[in-house]
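Okay, so here's the structure we're looking at.
The values are calculated or read from the model by the stated rules, or taken from the named source; none is laboratory data. This one's a predicted model, so the numbers in the text were calculated from it and none came from an experiment. So basically every Cβ, Gly included, is an ideal-geometry build from the backbone, and we count neighbours across all protein chains shown. Only protein heavy atoms, including side chains, enter the accessible area calculation; ligands, DNA and RNA are left aside. Shrake-Rupley method; radii C 1.70, N 1.55, O 1.52, S 1.80 Å.
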Amino acid sequence: MNKTFIIGHKKPDTDSVVSAIGLSYLKNALGENTEARVIGDINKETEYALKYFNVNTPKYLNDVKLQLRDIDYHKGFFIKDTDSIYHGYQSMLEADLTGIPVVKEDNTFYGLITIKDLSRVMINDNIESLYTSYDNLLYVLKAEEVNRASSEIQGNLLVAAFKSTTFMNEIELKKDDILIVGDRHSILEYAVNSGVKMIILSGNSMIKEEHLEIARKNNVNIIRTPYDTYKISRFVVLANYIRTMVSMYNPTSFLETDFVSDVLDINNKLKHTNYPVVNKSNKCLGLLKITDLAEKHPKKVILVDHNEKMQSIEGLEESEIIEIIDHHNLGNLTTNNPINFRNMLVGSTSTIVYTLFKERQIDIPKDIAGVLLSGILSDTLVLKSPTATTIDREAVRELANIAGVDYQKYGMELLKSGTSLEGMSKEDVLYNDYKLYTVNDKNFAIGQFFTMNFEEIEKEIDDYVDVLDKVAEANNYNLVALYVTDIVKNGSYVIYNRRGANTIALAYQKEVFEGYFIDGCVSRKKHIVPVIMEILEN
Ligand code: MN
């Protein structure tokens, strides 16, 4: 069973990370095979929560693009270089393929053989030499062992066709001769005495014991086959090591980790039928027949805390989304199959995951309760955000109980941990949580930064305005605003680009200076975007 990845959005916040962790725990407890992953670096706040409850940080997942390993290519289809040509041909025939990769003893890729190469060998006239193993000859000629003097056979083939006396007078047998002969005892005697490399006995011919003894002494290999001379001659060349016919040593091959989209691009130029598939250390993994690309198994994903392609992982269109759990407005995602989609109007995705635990009647362990609690507290600003619902409050109460923490106290520590300005540039502060909006062809961007240290920003407020001006001009935005939200004071300080002053003044119906504190303004979704939208709409 292939593992399903559960992922939150890009620039992961605490809710998106911990809801994936919680959901994965629940799914696995129900017998599924899932793993929570993150698609970006986790922030300081999430790090704090995971550490606090001793939960491992999910591994990073770069993309869910289709790779060759997700394809039913002919895995494990290759042949050792010391196997026979005949064996290679049989393998291709059985698998209905027109090529086969050849590998060395340790599976290192050696070369590619195709049916075309085979026909070349069969028509080639240089077929009197043989280089193979004793065992390959037994296999190809369906022969039995009579005398084995060496495991490897290399030499020149010849057939004893003449009359015995003519043969013995005319032909001088050499040490590397491989003689094909029937029950012709005078020739056999001549051959064993000459110490030839091998005798292939045709038609199950017998050899006299006295000749066999000489053969043993002179290291003459002997095998006996039921085939007649004609059939032996036809087949014996196929007993050669398959490596003797490799001509394509460096064919185009692919890594199992290569993306299918790249393979298709390359194939559009090359138009080969067969490509060897190897791993990083050039070990052969099998053969890709280009039509195999139709047999794909996309990676399975469950999206949490988002439902927009833009906010999701790279290659989402090549994956199979099997479920979405979210608390945001619906985006533009489409799927090919029906899926489970759970969207609830609650303060966090962690709250929905908590609900799922209840529905499935699975106990929530202490560490999972702790991180889910963190997700809710983070998204609802310790339940102070107007997005917090009764269900969120109920979840917080129960999860805090299981986790054994005072949620108010822990929540404040959690939020503080994430709001430190240490090591951040002004751009970092702006882009930390930054969203772009369009209304009536007008673009505006809102950055929101949670901190309890506005004094640090206030000291350099003019420099912040310069940064916002620069961003607005470079992108031709009507307004670029940074809302610095203080949870404890339950409000936000607003900083805006100079050109945006008018919009801001209209939005709040009064003179608003840089760094002005707006009481009660904490949610971008509920308190900020609607008021700006309304002004820019008109
Ligand atoms: Mn969320």
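Does K309 satisfy being under 25 Å from N336 (Cβ atoms) and among the basic types (K, R)?
Yes; evaluated as a whole, the condition is true for this residue.
Test E152 against the criterion of being at pLDDT 95 or above, assigned by TED's automatic domain parsing to the domain that holds A215 and of a type outside the set (F, W, Y), and give yes or no. If you could, list the steps in order and put the result at the bottom.
Details: at pLDDT 95 or above: yes; assigned by TED's automatic domain parsing to the domain that holds A215: yes; of a type outside the set (F, W, Y): yes.
Yes: the conditions hold for E152.
Out of the range 488-538, which residues are among the β-branched types (V, I, T) and open to solvent by 50 Å² or more (accessible area, probe 1.4 Å)?
As a first pass, look at the range 488-538 and keep what is among the β-branched types (V, I, T): 488, 494-495, 503-504, 512, 518, 522, 528-529, 531-532, 535.
Scanning the range 488-538 gives a single hit, V488.
Return a yes/no flag: does the range 87-94 have any residue that is within 18 Å of the chain's Cα centre (by Cα), more than 16 Å from the ligand (Cβ to nearest atom) and among the polar types (S, T, N, Q). Show your work before the answer.
Just the residues of the range 87-94 that are within 18 Å of the chain's Cα centre (by Cα), to begin with: none.
For the range 87-94, residues within 18 Å of the chain's Cα centre (by Cα), more than 16 Å from the ligand (Cβ to nearest atom) and among the polar types (S, T, N, Q): absent.
Which of the residues that make up the range 301-312 are in contact with a His (Cβ under 9 Å, 6 or more places away or on another chain) and either part of a loop (DSSP other than H, G, I, E, B) or at pLDDT below 95 (or both)?
First, the residues of the range 301-312 that are in contact with a His (Cβ under 9 Å, 6 or more places away or on another chain): 303-308, 311-312.
Across the range 301-312, the qualifying residues are D305, H306, N307, E308, Q311, S312.
Just checking, which of N274, N340 is more than 14 Å from the ligand (Cβ to nearest atom), on the phi < 0 side of the Ramachandran plot and surrounded by fewer than 19 Cβ atoms within 10 Å (Cβ to Cβ)? Walk me through how you get there before you give the answer.
Numbers: N274 fails: surrounded by fewer than 19 Cβ atoms within 10 Å (Cβ to Cβ).
Answer to the selection: N340.
Residues of the range 76-123 being basic (K, R) and in contact with a Lys or Arg (Cβ under 9 Å, 6 or more places away or on another chain), which ones? Don't jump to the end; show me each part of the working.
Of all residues in the range 76-123, those basic (K, R) come to 80, 104, 116, 120.
K80, K104 - these are the residues of the range 76-123 that are basic (K, R) and in contact with a Lys or Arg (Cβ under 9 Å, 6 or more places away or on another chain).
Residues to consider are L356, L377, L330, L373; find the one that is open to solvent by 40 Å² or more (accessible area, probe 1.4 Å), more than 12 Å from S16 (Cα to Cα), within 16 Å of the ligand (Cβ to nearest atom) and aliphatic (A, V, I, L, M). I'd like the intermediate steps shown before the answer.
Numbers: L356 fails: open to solvent by 40 Å² or more (accessible area, probe 1.4 Å); L377 fails: open to solvent by 40 Å² or more (accessible area, probe 1.4 Å); L373 fails: open to solvent by 40 Å² or more (accessible area, probe 1.4 Å).
None of the others qualify; the one that does is L330.
Inspect all residues belonging to the range 53-73 and state whether any of them is within 16 Å of the ligand (Cβ to nearest atom) and β-branched (V, I, T).
No, the range 53-73 contains no residue that is within 16 Å of the ligand (Cβ to nearest atom) and β-branched (V, I, T).
Would you check which residues across the range 195-218 are closer than 15 Å to A149 by Cα and surrounded by 15 or more Cβ atoms within 10 Å (Cβ to Cβ) and list them? Spell out how you get there, then give the answer.
The first filter runs over the range 195-218 and keeps only residues closer than 15 Å to A149 by Cα, leaving 195-200, 211-218.
Listed by number, the residues that qualify are G195, V196, K197, M198, I199, I200, H211, L212, I214, A215, N218.
Of the residues in the range 90-116, how many are surrounded by fewer than 19 Cβ atoms within 10 Å (Cβ to Cβ) and touching a residue at least 40 places away in the same chain (Cβ under 8 Å)? Let's see the steps before the verdict.
Taking the range 90-116 and keeping what is surrounded by fewer than 19 Cβ atoms within 10 Å (Cβ to Cβ), we get 90-91, 93-98, 104-108, 115-116.
Restricting the remaining residues to those that are touching a residue at least 40 places away in the same chain (Cβ under 8 Å) gives 97-98, 106-108.
Of the residues in that region, 5 qualify.
Could you give me the residue pairs with C-beta distances under 7 Å whose first residue belongs to the range 402-429 and is closer than 23 Å to V471 by Cα, whose second residue is open to solvent by 40 Å² or more (accessible area, probe 1.4 Å) and assigned to a helix (DSSP H, G or I) wherever it lies, and which are 6+ apart or on separate chains?
Matching pairs, first to second residue: L421/E456; K426/D463.
For residues in the range 302-322 being within 16 Å of the ligand (Cβ to nearest atom) and open to solvent by less than 40 Å² (accessible area, probe 1.4 Å), which is farthest from S350 (Cα to Cα)?
Out of the qualifying residues, it is S312.
Only one of K51, K59, K44 is modelled with pLDDT under 95, surrounded by fewer than 20 Cβ atoms within 10 Å (Cβ to Cβ) and over 30 Å from Y275 (Cα atoms). Can you tell me which?
Details: K51 fails: modelled with pLDDT under 95; K59 fails: modelled with pLDDT under 95.
Just a single option satisfies the conditions, and that option is K44.
How do the helices (runs of 4 or more DSSP H) wholly within the range 1-97 filter down when requiring 1 or more residues that are within 25 Å of H297 (Cα to Cα): which remain? Even if it seems obvious, please write down each step before you answer.
Working: elements: 14-29, 44-52, 85-95.
Because the criterion is at least 1 residues that are within 25 Å of H297 (Cα to Cα), the helices (runs of 4 or more DSSP H) in the range 1-97 that meet it are 14-29, 85-95.
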